[in-house]
Amino acid sequence: MKEKMYKFNILFLKIRIDVVNILSLMNIMIFPIYILFRLFVMIVTKEIPVDFLYSEYAFDAYAFVLFLYLHVIAEKMRNIIWSHLFTAIGILFYANLCARFNMYGDFFNSFFLILAFLVSILTMIENGGAPKPKRIRKTRFTFFAYLGYCVIFLEFGKILNDFFDFEGSLFPSYEAVVGIATLCGVILSNKGYNVKWLFWSVRNILCIYFWHFIDNRLPIDDTYVFLLINSVIELIIYVSSENIRMNKKIHEKTKEKNV
C-alpha cells in the first residue's frame with residue numbers, strides 16, 4: 001500500500017511539473033500576440049495619440065518589453081549568461097521610465113540590478129558557466145538565522161524607505177520592499193538557489209501594483225504580469241521537485257528499515 005502511495009505521489013508531482021511547463025510555453029507564446037493586439041486596439045480606439053508612439057516613453061517601454069521577453073526565453077533555455085544580459089539591457093530602459101515618472105526608488109533598485117547582473121555575467125564567464133542549482137540546507141540554527149535576517153531586512157527597508165521618500169519617490173515604502181526583494185533575488189540567483197523565484201514573484205507583484213496607478217504606462221504592467229506568471233511557474237516547479245526529492249528520500253529510508 002505504501003509503495004503504491006509513493007508511486008502515486010511521484011506520478012502526481014511529475015504531472016504537475018509537466019502541466020506548469022505547458023502553461024509556461026503558452027505564456028511565452030501568447031504574450032507577444034497580446035501586446036501587439038493591445039497596441040493595435042489602443043491606436044484604433046485612439047486611446048493614445050499616434051505621435052505618442054514615437055516618443056521616448058514608448059520606445060523605452062517597448063524596448064523593456066522586448067528584452068525582458070528575451071530574458072525569459074533565455075532562462076527557459078538555461079542560458080543564464082544571455083538571460084542576465086537581456087535583463088540588464090531591458091532594466092536600463094526601465095530605469096529611464098522610472099525616472100520620468102518620479103519613481104526614484106525603483107530607479108535606484110534598477111541600477112543595482114543592472115550592476116549586480118553585469119558582475120554576475122563576468123563571474124560566470126570567468127568560472128566557465130552558471131552556478132549549479134542548489135537547495136537551502138536546514139540546520140538547527142535555521143529559526144534564529146531567519147529571525148536575524150528579518151531584523152536586518154526590516155532595518156534595511158526602513159533606511160531605503162527614508163531615502164526614497166527624501167528623494168521624492170511616488171511609492172517609497174513599496175519601492176523599499178521591492179529593493180529588498182531584488183537584493184534577495186540577486187543574491188540567491190548568483191548562488192544558484194531556486195528559491196529566488198519567491199523573491200522575484202514579490203518584486204513582480206509590487207511592480208504591477210504601483211505601475212497600475214501610472215497613466216500612459218503602455219505595456220509595463222502587462223510585462224510584469226507576464227514575468228509574475230513565469231516566476232510563479234518556476235516556483236511551482238521548484239517546490240514540486242523538492243517534494244519529489246523528499247518523497248524519494250523518505251521512501252529509501254523506509255526500505256532500509258524494512259530490510
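Can you tell me how many residues within segment 60-80 are open to solvent by 40 Å² or more (accessible area, probe 1.4 Å) and at pLDDT 90 or above?
Taking segment 60-80 first, the residues open to solvent by 40 Å² or more (accessible area, probe 1.4 Å) are 62, 66-67, 69-70, 73, 76-79.
If we keep only those that are at pLDDT 90 or above too, we end up with 66-67, 69-70, 73.
Count: 5.
Would you check which residues across segment 210-227 are open to solvent by less than 40 Å² (accessible area, probe 1.4 Å) and at negative phi and list them?
Hits for segment 210-227 are F210, W211, I214, P219, I220, D221, D222, T223, Y224, F226, L227.
Kindly list the number of the only condition in (1) modelled with pLDDT of 85 or more; (2) on the phi > 0 side of the Ramachandran plot that fails for G128.
Failed condition: (1).
Hey, among L39, L118, L92, L97, which residue is within 20 Å of G179 (Cα to Cα), open to solvent by less than 60 Å² (accessible area, probe 1.4 Å), in contact (Cβ under 8 Å) with a residue 12 or more places away in the chain and aliphatic (A, V, I, L, M)? So that I can check it myself, show each step before the final result.
Values: L39 fails: within 20 Å of G179 (Cα to Cα); L118 fails: open to solvent by less than 60 Å² (accessible area, probe 1.4 Å); L92 fails: open to solvent by less than 60 Å² (accessible area, probe 1.4 Å).
None of the others qualify; the one that does is L97.
Out of I22, I48, I15, I10, report the one residue that is of a type in the set (A, V, I, L, M), assigned to a loop (DSSP other than H, G, I, E, B) and modelled with pLDDT under 85.
I48
Exactly one condition in (1) surrounded by fewer than 18 Cβ atoms within 10 Å (Cβ to Cβ); (2) outside any helix (DSSP H, G or I); (3) modelled with pLDDT under 80 is false for L170; which is it?
(3)
Looking at segment 173-198 only, could you name the residues that are under 14 Å from the mean Cα position of the chain (by Cα), surrounded by fewer than 21 Cβ atoms within 10 Å (Cβ to Cβ) and of a type in the set (F, W, Y)?
Y193
Which of the residues belonging to segment 53-91 are among the polar types (S, T, N, Q) and in a helix (DSSP H, G or I)? Write out each step before concluding.
To start, the set of residues in segment 53-91 that are among the polar types (S, T, N, Q) comprises 55, 79, 83, 87.
Across segment 53-91, the qualifying residues are S83, T87.
Could we say that S110 is open to solvent by less than 80 Å² (accessible area, probe 1.4 Å), modelled with pLDDT of 90 or more, farther than 18 Å from I91 by Cβ and out of contact with any Leu (no Cβ under 6 Å at 6 or more places or on another chain) here?
no
Restricting to segment 228-250, and then to whatever is more than 23 Å from H71 (Cα to Cα) and open to solvent by less than 30 Å² (accessible area, probe 1.4 Å), can you tell me which residue is modelled with the lowest pLDDT?
Per the criteria, the residue is I244.
What's the number of the condition S55 fails, among (1) at pLDDT below 80; (2) open to solvent by 50 Å² or more (accessible area, probe 1.4 Å); (3) more than 20 Å from F210 (Cβ to Cβ); (4) of a type in the set (S, T, Y)?
Looking at each condition in turn, S55 falls short on (2).
The values are calculated or read from the model by the stated rules, or taken from the named source; none is laboratory data. A quick note: this is a predicted structure, and the numbers were derived from the prediction, not measured. Quick reminder, even Gly has a Cβ in these numbers, built from the backbone with ideal geometry, and neighbours come from all protein chains shown. When the accessible area is computed, the model is the full protein with side chains, heavy atoms only, and any ligands, DNA or RNA have been set aside. Shrake-Rupley method; radii C 1.70, N 1.55, O 1.52, S 1.80 Å.
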